[in-house]
Amino acid sequence: MEPQALSAIISVENLTKEFRVNESKSGFMGSIKNLFSRKFRIIKAIENLSFSINPGEFVGYVGENGAGKSTTIKILTGILFPSSGKAMVNNITPYENRIENSKNIGVVFGQRSQLWWDLPVRESFDLLKSIYRIPERVFNKNIDHFIEILNINEFFDMPVRKLSLGQRMRCDLAASLLHDPQILFLDEPTIGLDVIAKDKIRKFLREINRELNTTIILTTHDMDDIEELCRRIIILDKGKSVFDDKLSTLKEQYGKERELEIEFSEHYNSLDKLNDVTIFGEDENKKWIKYNSDVYTSGAIISKITEHYNIKDISIHEPNVADIVKTIYGKLP
Ligand SMILES: Nc1ncnc2c1ncn2[C@@H]1O[C@H](COP(=O)(O)OP(=O)(O)O)[C@@H](O)[C@H]1O
Ligand SMILES: [Mg+2]
């Protein structure tokens, strides 16, 4: 056995999940036809997915809408059964032992609160305490801690429905961690939040990952979340893993393209003194060019340009993770 497999806290092997969707015909004649022939379409939400995650890792789980992110999280939290393959979370098969699994994990679905809409936050937490049989000592320690670092006290006695999205998300996060889980699954926790609210949540996540060594899988399509939080990134495309490595490796492998915006003092028809660059935009005396950072360092390209042309202004754009992920999608079949 591989040493990594021994220490993995989450492992997924050849996991596939198919959904059968009814392709029923609409209208009266359609519904009669449906009686005789039922047509199903198979959607492969995830296909032959394999990865393993070690304790304390903070992994970004990324993909476009419909890529299969939530389906994976639902299998790992025991809500869904896979069609084939297997998943283990802390030595438990989540969909076979959902209750046992829930003791080890915290879950936040950004689109849906697990709190009671009409109850004050405090009472929602009390309910969770009895549902999950959280020991008094653990509960009090966590409540005090989370109230402080997430500034929950301002609205601790307000009903959940009166909270802003950002406040609610902070409460949902605290709620998911009340029982000291080792693993936290976050499905789009920053969706719809403003910059300040996002920032608070990111700080909090960084802290619990660092201080409690909580293993975190973060599903998001906000690449700033990934850039600020995750060392490792798994990119999903149509249910398949297309990249799984360190974020820095992603940048090294795909982030070599640089863009320059140059404003010249006069009009040049072409830039034939520059080899291996592509002009991809022009506007009067301005040109936008692309080059590979293996071919030119930023210093080298700028001195080459100033040597041969008269310029007024120049600026370099280095790609961020969002650009790189777009590049990867662009290269996929
Ligand atoms: N319960 C379901 N029934 C049928 N199709 C589903 C169901 N849940 C998800 N899907 C389909 O599976 C694919 C993956 O969905 P999902 O995991 O929600 O993607 P993501 O979270 O990455 O946006 C999509 O094509 C979606 O329409
Ligand atoms: Mg989703």
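No lab work stands behind these numbers, since they all come straight from the coordinates. Given the structure is predicted, the values throughout are model-derived calculations rather than measurements. Cβ: placed from backbone, ideal geometry, glycine included. Neighbour counts: every protein chain shown.
Which order, highest average first, do 154-162, 185-193, 12-20 follow once you tally other Cβ atoms within 10 Å for each residue and take the mean per peptide?
Ranked from most to least packed, the peptides come out as 185-193, 12-20, 154-162.
Starting from the Cα-Cα distance between Asn213 and Lys238, subtract it from 0.36 nm times their residue separation and give me the gain in nm to one decimal.
Between Asn213 and Lys238, full extension yields 5.9 nm more.
Using alpha-carbon pairs under 8 Å, 6+ residues apart, how would you state the relative contact order of the range 55-252 in percent? Display every interim value, and only then the final one.
Numbers: 320 pairs, mean separation 67.7, N = 198.
This gives 34 percent for the range 55-252.
Work out, step by step, the length gained on full extension between Glu266 and Ser248: first 0.36 nm times the residue separation, then minus their alpha carbon distance; give nm to one decimal.
Here the segment from Glu266 to Ser248 would lengthen by 2.5 nm.
Among Trp117, Trp288, which comes first, second and so on when ranked by fewest other beta-carbon atoms within 10 Å?
Ascending number of Cβ neighbours within 10 Å: Trp117, Trp288.
Suppose R0 equals 56 Å. What FRET efficiency, 1/(1 + (r/R0)^6) with r the Cβ-Cβ distance, do Arg133 and Glu23 give to the nearest 0.05?
Working: r = 45 Å, r/R0 = 0.80.
About 0.80, to the nearest 0.05.
Could you run the Karplus curve 6.51 cos²θ - 1.76 cosθ + 1.60 with θ = phi - 60° over the range 179-191 and give me ³J(HN,Hα) per residue in whole Hz, x for Gly and Pro?
Residue by residue, the range 179-191 yields 9, 6, x, 7, 10, 10, 9, 10, 9, 6, x, 10, 5 Hz.
With contacts defined as alpha carbon pairs under 8 Å and 6 or more residues apart, what's the relative contact order of the range 122-199 in percent?
36
Please get the size of the charge dipole for the chain, origin at its Cα centre, with Cβ charges of +1 on Lys and Arg and -1 on Asp and Glu, quoted in debye to the nearest 20.
Details: 45 positive and 49 negative charges, 344 e Å.
With only Lys, Arg, Asp and Glu charged at Cβ, the dipole is about 1660 debye.
Taking 0.36 nm per intervening residue step and subtracting the Cα-Cα distance, what contour gain separates Ile43 from Thr327 on full extension?
Result: 99.7 nm gained on full extension.
Quick one: helix 321-331 against the long Cα principal axis of the chain, what's the angle to the nearest 10°, folded into 0 to 90?
That helix lies at roughly 80 degrees to the long axis.
Under 5 Å between amide hydrogens, which residues at least 5 positions from Thr220 or on another chain qualify, with H placed 1.01 Å from N in the peptide plane?
HN-HN under 5 Å from Thr220: Tyr61, Gly63, Glu188.
Collect residues whose amide H, placed 1.01 Å from N in the peptide plane, falls under 5 Å from the amide H of Leu212; neighbours closer than 5 in sequence don't count.
none
Measuring from label point to label point, each 7 Å out along Cα→Cβ, what is the Thr297 to Glu123 span in nm?
Those two pseudo-labels are separated by 6.6 nm.
Go ahead and estimate [θ] at 222 nm for the chain from helices alone: -39,500 (n - 2.57) per DSSP H run with n ≥ 4, summed, over the residue count, rounded to 500.
So the calculated ellipticity at 222 nm is -10500 deg cm²/dmol.
How far apart, in nm, are two points set 7 Å out from the Cα along the Cα-to-Cβ line at Asn14 and at His317?
Each label point lies 7 Å from its Cα, and together they span 4.4 nm.
Please give, to one decimal in nm, the separation of the simple spin-label points placed at Lys290 and Glu100, each 7 Å out from Cα toward the Cβ.
If labels sit at Lys290 and Glu100, their model points lie 5.2 nm apart.
Skipping prolines and chain starts, which residues have an amide H placed within reach, meaning under 5 Å, of the one on Val107, given they are 5 or more residues away or on another chain?
The list, which skips near neighbours in sequence, is Phe185.
Please report the orientation-averaged projected area of the chain, defined via the convex hull of its C-alpha atoms, in nm².
Computed as one quarter of the Cα hull surface, the answer is 25.2 nm².
Any chance you could list the semi-axes, whole Å, largest first, of the equivalent ellipsoid that the Cα gyration tensor gives for the range 55-252, using √(5λ)?
27, 20, 16
If neighbour count is taken as other Cβ atoms inside 10 Å, put Thr93, Thr77, Thr219 in order from fewest to most.
On the way: Thr93 15, Thr77 21, Thr219 26.
Ascending number of Cβ neighbours within 10 Å: Thr93, Thr77, Thr219.
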